[in-house]
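Visitor: First the structure, then my questions, so here it is.
Values quoted throughout were computed directly from the atomic coordinates according to the rules given, and no laboratory measurement underlies them. This one's a predicted model, so the numbers in the text were calculated from it and none came from an experiment. A quick note on method: Cβ atoms are made from the backbone with ideal geometry, for glycine too, and the neighbour counts reach across all protein chains shown.
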Amino acid sequence: MGTGITVIGMVRVLKVIMLLVVTEVVEVSLLVHVDILGAHPTFMVLIPIVSGYFMGSSTGAVMGFLSGMTADLFVPTPFGLTALIWICTGYLAGLSAGLLSTTTDGDAATGLSGIGSGMQVPNQTGAVPIALVCMLLAGSAQVGYGLLGALFGVPAMLTGYLLRSLPATVVGAVVGAGPMLVAVRWAFKRDGIHAGKRGALFSAVGPRGVLHR
Amino acid sequence: MSRPKRYPGSRIILTILVLATLTIITLDFRGYTSGVVGRAKSIAHDVVQPFQVGVTDMLRPVGSYLDSIFQTGSLIQENQQLRSENSFLRQKLLSTAYMREQLKQISTLEKLPYIGSIPIMTAPVIAGASSNFESTIELGKGASSGIALGMPVVGYSGLLGTVIDVWSSGCTVRLLSDPHSVIGVRVGVNGPYAMVAGTGNGGKLTVDYIAPGTQLQVDTPIYTSGLNGAIFPPGIPVGYVSKVNSTTNASGDESVQATMSARLSGFQYVDVLQWVQGSQ
């Protein structure tokens with residue numbers, strides 16, 4: 001089982017895909033109608049933040065890549081721009097968990113194997129730290145996006161859009177942190193089927209240390 | 001309570017992902033991925049669109065109520081602006097008859113294209129921009145209705161933007177207010193040619209590359225230029241000059257500020273002009 005695709009891995013990957021799709025649908029269908037000072041909140045960025053915070057930097061980065069690519073399907077900016085920012089956001093979320101010393105199963109540093117393996121989000125989570133981290137990192141992601149846009153030759157992304165979008169982003173992060181935690185916990189929940197020793201879907205990518213409780 | 005450990009592998013994964021993403025961005029910039037990405041975007045939009053239409057239809061009745069909660073400040077400002085415009089229009093009313101006659105003559109002589117023979121496709125607005133870093137809208141009609149990339153989109157009172165992405169049942173329109181929007185215009189009916197760019201700040205625009213020494217006045221109308229190779233047909237109202245304290249660039253050309261003619265919110269339908277570049 002160590003080298004093959006495990007059942008638990010497949011179920012988990014399907015759940016992650018579902019998490020990405022449903023969040024994106026909610027974002028482009030519902031959240032775009034919520035207007036806070038000329039901008040709308042975003043939940044997609046919370047996926048790498050919450051994943052990274054509880055599952056470690058690598059999983060956060062991978063989830064940033066996946067959610068960023070999904071989000072990039074719906075925006076006219078260069079494909080991959082959002083993913084680039086969110087990879088870093090997810091990674092930083094993992095580091096922030098260490099800084100805040102919160103209760104966690106430990107940083108798996110497992111990347112894709114974290115998605116496909118037996119890891120799961122712990123049940124004991126502090127509401128304030130996660131809301132704070134979501135708020136700060138979602139805001140930082142917006143600033144990073146604006147800076148990158150300005151570097152790509154659109155200075156108005158800093159001057160015109162950034163300040164306007166920050167309040168909506170912060171409000172969205174605070175409001176969305178709870179539901180996203182529930183969703184990420186569901187996606188990474190152990191399904192009662194034991195994974196293999198390195199029961200990962202892409203175990204070759206995960207360097208080491210898939211954690212099992 | 002265990003402090004998370006960091007493994008060297010996490011940095012390797014980060015590096016791999018960043019490099020992969022940079023490669024994808026580069027390939028996308030160079031146009032190598034346009035077919036694959038375009039198809040993926042098209043499929044994604046087709047999948048999501050029924051949800052967007054459903055939610056939009058459901059929320060529309062309460063949309064204005066929600067807007068009023070979140071946008072009280074801007075509504076007050078808009079109200080003041082409308083009062084000011086009302087006063088301005090009352091003053092203009094006296095000369096309307098004369099202007100109407102003039103307009104009739106100009107229309108007859110120049111045959112403003114968007115009133116003339118260009119086919120129009122009326123399309124519903126189903127969603128706004130999915131990112132806060134762009135000014136776009138999504139329409140509920142696409143390639144299956146004859147809409148193609150680059151077609152101009154107009155609202156009640158002027159140019160709104162251009163179609164930048166199209167799939168079978170919908171399309172994305174980049175609004176004139178987006179910083180990526182740059183179009184050739186004519187300031188006044190017989191005035192100088194210039195370039196108008198979006199600012200990302202509501203309906204405010206900048207008018208650049210005005211010939212040095214040009215005297216402009218507030219409320220001077222701005223139209224699409226329609227020069228050879230222009231992306232819009234000539235004579236579509238774009239906006240009007242709102243501030244004439246011009247700035248000068250290195251080559252001596254002047255810039256002034258303008259405001260879009262078309263409103264950026266509150267509309268449910270727009271017209272897509274089935275006109276493509278070079279078809280005049």
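Visitor: Between region A:122-186 and region B:129-201, what is the separation of their alpha carbon centroids in Å?
Guide: Between the Cα centres of region A:122-186 and region B:129-201 lies a distance of 28 Å.
Visitor: So, one more: Set the bar at 32 Å for Cα to Cα. Now go through A:15/B:41; B:141/B:204; A:189/B:41; A:189/B:141 and name every pair that lies beyond it. Intermediate results must be reported in sequence, preceding the final value.
Guide: On the way: A:15/B:41 22 Å; B:141/B:204 28 Å; A:189/B:41 30 Å; A:189/B:141 41 Å.
In this structure, A:189/B:141 lie more than 32 Å apart at Cα.
Visitor: Can you list the residues, at least 5 places off or on another chain, whose amide H is less than 5 Å from the amide H of residue B:136, using H built in the peptide plane?
Guide: B:129, B:175
Visitor: Could you tell me the relative contact order of region B:118-280? Use alpha-carbon pairs under 8 Å, at least six residues apart, and round to a whole percent.
Guide: Details: 452 pairs, mean separation 42.8, N = 163.
Answer for region B:118-280 is 26 percent.
Visitor: List the chymotrypsin sites (Phe, Trp or Tyr not before Pro) within region B:119-183 that DSSP assigns to loop and that have no more than 13 neighbouring Cβ atoms inside 10 Å.
Guide: Details: sites: B:133, B:156, B:167; in loops: B:133, B:156.
Here the sparse-neighbourhood loop sites are B:156.
Visitor: P(r) for region B:131-280, please, calculated from all Cα pair distances in 5 Å bins and given in %.
Guide: Result returned by the calculation: 2, 10, 20, 22, 20, 13, 7, 4, 2, 0.
Visitor: On average, how many beta carbons from a partner chain sit within 10 Å of the beta carbon of a residue in B:22-29? It would help to have the intermediate numbers written out before the result.
Guide: Values: counts 2, 1, 9, 10, 2, 3, 6, 4.
For this peptide, the per-residue mean of nearby foreign Cβ atoms is 5.
Visitor: Using only atoms on other chains, find how many Cβ atoms lie within 10 Å of each Cβ of peptide B:38-49 and report the average.
Guide: 3
Visitor: Highest first, please rank the peptides B:204-216, A:170-182 by the mean number of other Cβ atoms sitting within 10 Å of their residues.
Guide: Numbers: B:204-216: 17.2, A:170-182: 19.9.
Put in order of decreasing packing, that is A:170-182, B:204-216.
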